[in-house]
1. Can you spot a residue in segment 340-357 that is modelled with pLDDT of 80 or more, within 26 Å of Ile64 (Cβ to Cβ) and of a type in the set (A, V, I, L, M, F, W, C)?
2. Please identify the pairs in which a residue from segment 12-29 that is within 23 Å of Pro354 (Cβ to Cβ) has its Cβ atom under 8 Å from the Cβ atom of a residue that is surrounded by fewer than 20 Cβ atoms within 10 Å (Cβ to Cβ) and charged (D, E, K, R), counting only partners at least 6 apart or on another chain.
3. Is it the case that segment 472-484 has a residue that's surrounded by fewer than 10 Cβ atoms within 10 Å (Cβ to Cβ), of a type in the set (A, V, I, L, M, F, W, C) and within 23 Å of Cys159 (Cβ to Cβ)?
4. What is the residue count in segment 277-301 for residues that are modelled with pLDDT of 85 or more and either under 16 Å from Gly123 (Cβ atoms) or in a loop (DSSP other than H, G, I, E, B) (or both)?
5. Within segment 218-239, does at least one residue satisfy the condition of being closer than 30 Å to Gly441 by Cβ, at pLDDT 70 or above and in a loop (DSSP other than H, G, I, E, B)?
6. In segment 393-408, what residues are modelled with pLDDT of 70 or more, closer than 11 Å to Ile221 by Cα and surrounded by 13 or more Cβ atoms within 10 Å (Cβ to Cβ)?
7. Tell me whether segment 80-95 contains one or more residues that are at pLDDT below 75 and within 25 Å of Ala362 (Cβ to Cβ).
8. Restricting to segment 87-135, name every residue that is farther than 22 Å from Arg257 by Cβ and in contact with an Asp or Glu (Cβ under 6 Å, 6 or more places away or on another chain).
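The values are calculated or read from the model by the stated rules, or taken from the named source; none is laboratory data. This one's a predicted model, so the numbers in the text were calculated from it and none came from an experiment. Every residue, glycine among them, receives a Cβ derived from its backbone with ideal geometry; neighbour counts consider all protein chains shown.
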Amino acid sequence: MDTLHYLGQGFGVALSPNNLLTALAGTTIGTIVGLLPGLGPINGVALLIPVAFALGLPPETALILLAAVYLGCEYGGRISSILLNIPGEASAVMTTLDGYPLARQGKAGIALSISAWSSFIGGFIATVGVVIFAPLLATWAVSFGPAEYFMLMVFATACLAGMAGDKPVKTAVAVLIGLMLSCVGIDANSGVYRFTFGSLGLSDGIQFVVLVLGLFSISEILTLLERTHHGQKAIKASGRMLFNAKEGASVFATNLRSGVLGFVFGILPGAGATLASAMAYMTEKRLASKDNRFGNGDLRGLAAPETANSASACGSMVPMLTLGVPGSGTTAVMMGALTLYNITPGPLLFQNQPDLVWGLIASLFIANVILIVMNVPMIKVFTRVLEVPNWTLVPAIAIITSIGVYAVHATTFDLFLMIGIGVFGYILRKLDFPLSGVLLGFILGGLMESNLRRALSISNGDLSVLWSSPISMTLWALVAFIVALPFWRAWRARKRTPALQPDA
């Protein structure tokens, strides 16, 4: 009953006219920032912190603004992913796998509406989880040390081959390319230059924005130019702009599973929406029947990552508020905003600042409602992007992409590196290698290395730390199962095939 009392108190804070207008402004800004390639929620939240502080907003209003921007970015990232095959931010990479094929089939409106609805369900499930399970799940998340996180990344890497179905070898090669690219730059411990080839521009490693925009944006520009050269016309959105009851029912179970999975990954510090969306997609693909169309426009393949994205964004608030540990890069920026107001996140925050905490939790409900109400009527406007001719669309994508990359370090080297990666990505696309595998391998590579180093530092180099806990052993067993599964399927297929009988 105390929880309901505090939640009602939080709604009283969140529904005040000023905070309601702030949430509306934050969701609008977040949606715009999310659909622009290269910016993402971290940049969107970081850009608004000095604005909130300069305007003299009270801490609860400032936090509501930043949380609304965060959720808005998760919603907005799907728009460019579905319409242009260009992820607005990292967690939208998986959305391109089935969202863009749906748009190419003339179902952009259905794809946008089902993704908006999935994001709403994911956000709602996770916010309810924040209210009910925050203390329990935060305690469970503490049991994940560096060794457990390393094994979690190994498990995610092993699962990546399941995304491509009939091309696991190409997916594995793509993941290895991503892991290799994550090793470029100065070694954090020894200071040794790795794979920089004497270039100072690579000393800081390959930036994520440069890689994602090179792989997806530049390669997409080259693909658009190729289609134009061959006389192919752009696919226009036709028919319905909203999904029907049958389509909604077909993804409802996916929404529930992915919402819970995204929330669990959200409360794990450092896991983030990117890993949550990848795991949700792979889980649904494995649960699907053999006649699934994953990778070719399956609604479940679109609903799973979008539900997990929003659920993870809300779930990442749990460790930030209860433990003072950021659940994601964006919540780390939000913690920095709290320090400007001399507020220290942690268990005492619920006692010392109940209006701030429960006002923020209540605002998550409100922001989700605002986003679904705002995004659905705009679907027809968003789909007009498909009607833009290539001679206009290609320069626009190139300009936005160049600005996003140049803003990272303000160096022309990053622009040339992006073009080189884009050409390489275009070649991989022509050879039918999944670009998402390269990107996810790159993301997981950095996390794997840092957690492995920390685990070995704690154990003084003793490798047994990697299988010394029940969580690690469980993950090892899951990895062994995932690796053995393709061989088992191949053995069963050979066993079912009747042997050729020799002629008498």
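1. Among the residues of segment 340-357, at least one is modelled with pLDDT of 80 or more, within 26 Å of Ile64 (Cβ to Cβ) and of a type in the set (A, V, I, L, M, F, W, C), which makes the answer yes.
2. Val13/Asp355
3. No; the residues of segment 472-484 include none that is surrounded by fewer than 10 Cβ atoms within 10 Å (Cβ to Cβ), of a type in the set (A, V, I, L, M, F, W, C) and within 23 Å of Cys159 (Cβ to Cβ).
4. 1
5. Checked against the condition, which is being closer than 30 Å to Gly441 by Cβ, at pLDDT 70 or above and in a loop (DSSP other than H, G, I, E, B), segment 218-239 yields no hits at all.
6. Within segment 393-408, Val394, Ile397, Ala398, Thr401 meet the criteria.
7. Scanning segment 80-95 turns up at least one residue that is at pLDDT below 75 and within 25 Å of Ala362 (Cβ to Cβ).
8. none
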